[in-house]
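See structure below.
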Amino acid sequence: MVGCVAYDAQELAWLSVAPDAQRRGVGAALVAAVPQDRPNVLSLELLQGNDTALAFYQRCGFGITGRHGGRMPGHERFAVRVQAMQWHGPDAAPATHKSTV
């Protein structure tokens, strides 16, 4: 497996690409696969300061909708700042899905 994406009806929850497969279009292909059977609006959050990921998601059509801070679920001792992003796409479809490449 070189990459995977996990999402639900409203959120792109996880995107991971193996280091040796990065910058080869795998991540973009995984993100592109999500809207084909997914919602009108898809949200995600990424750690503030992760400029590489920010640029990637912007190239994929996501726009920044805000910034906020909080504690990481399961790791409450860590405070984080995140950037919220959103993508507006085709008609919504129900169900949770996980894709791998």
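The values are calculated or read from the model by the stated rules, or taken from the named source; none is laboratory data. Treat the numbers as computed from the prediction; the structure is a model and nothing was measured. Reconstructed Cβ throughout: ideal geometry from the backbone, glycine too, with neighbour counts over all protein chains shown.
Give all pairs with beta carbons closer than 6 Å in which a residue from the range 39-67 that is free of Cβ contacts under 8 Å to residues at least 24 places away in the same chain meets a residue that is part of a strand (DSSP E or B) and surrounded by 12 or more Cβ atoms within 10 Å (Cβ to Cβ); count only pairs at least 6 apart in sequence or on separate chains.
53/46; 64/83; 64/85; 65/84; 65/86; 66/84; 67/83
Only one residue in 80, 31, 26, 5 is in contact (Cβ under 8 Å) with a residue 24 or more places away in the chain, surrounded by 13 or more Cβ atoms within 10 Å (Cβ to Cβ) and in contact with a Cys (Cβ under 7 Å, 6 or more places away or on another chain). Which one?
Values: 80 fails: in contact with a Cys (Cβ under 7 Å, 6 or more places away or on another chain); 26 fails: in contact with a Cys (Cβ under 7 Å, 6 or more places away or on another chain); 5 fails: in contact with a Cys (Cβ under 7 Å, 6 or more places away or on another chain).
Being in contact (Cβ under 8 Å) with a residue 24 or more places away in the chain, surrounded by 13 or more Cβ atoms within 10 Å (Cβ to Cβ) and in contact with a Cys (Cβ under 7 Å, 6 or more places away or on another chain) holds for just one of 80, 31, 26, 5, which is 31.
Output yes when any residue across the range 36-45 is of a type in the set (S, T, N, Q), modelled with pLDDT of 90 or more and in a loop (DSSP other than H, G, I, E, B), and no when none is.
Of the residues in the range 36-45, the ones of a type in the set (S, T, N, Q) are 36, 40, 43.
Applying the additional criterion that residues be modelled with pLDDT of 90 or more yields 43.
Filter once more, so that each one left must be in a loop (DSSP other than H, G, I, E, B): none.
No - not one qualifying residue is present in the range 36-45.
Each row is one residue, and each column tells you yes or no for (1) out of contact with any Leu (no Cβ under 9 Å at 6 or more places or on another chain); (2) among the aliphatic types (A, V, I, L, M); (3) over 17 Å from residue 84 (Cα atoms).
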{"residue": "2", "(1), (2), (3)": "yes, yes, yes"}
{"residue": "10", "(1), (2), (3)": "no, no, no"}
{"residue": "31", "(1), (2), (3)": "no, yes, no"}
{"residue": "34", "(1), (2), (3)": "no, yes, yes"}
{"residue": "43", "(1), (2), (3)": "no, no, no"}
{"residue": "47", "(1), (2), (3)": "yes, yes, no"}
{"residue": "53", "(1), (2), (3)": "no, yes, no"}
{"residue": "65", "(1), (2), (3)": "yes, no, no"}
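Within the range 2-12, identify whether any single residue is at pLDDT 90 or above, among the aliphatic types (A, V, I, L, M) and more than 11 Å from the chain's Cα centre (by Cα), and answer yes or no.
Scanning the range 2-12 turns up at least one residue that is at pLDDT 90 or above, among the aliphatic types (A, V, I, L, M) and more than 11 Å from the chain's Cα centre (by Cα).
Mind listing whichever residues of the range 13-35 are in a loop (DSSP other than H, G, I, E, B) and either of a type in the set (Ser, Thr, Tyr) or over 14 Å from the mean Cα position of the chain (by Cα) (or both)?
If the condition is that a residue be in a loop (DSSP other than H, G, I, E, B) and either of a type in the set (Ser, Thr, Tyr) or over 14 Å from the mean Cα position of the chain (by Cα) (or both), then 18, 22, 23, 24, 25 are the ones that fit.
Does the range 77-98 contain at least one residue that is out of contact with any Pro (no Cβ under 8 Å at 6 or more places or on another chain), on the phi > 0 side of the Ramachandran plot and modelled with pLDDT under 75?
yes
Within the range 55-71, is even one residue modelled with pLDDT under 90, of a type in the set (S, T, N, Q) and in a strand (DSSP E or B)?
No, the range 55-71 contains no residue that is modelled with pLDDT under 90, of a type in the set (S, T, N, Q) and in a strand (DSSP E or B).
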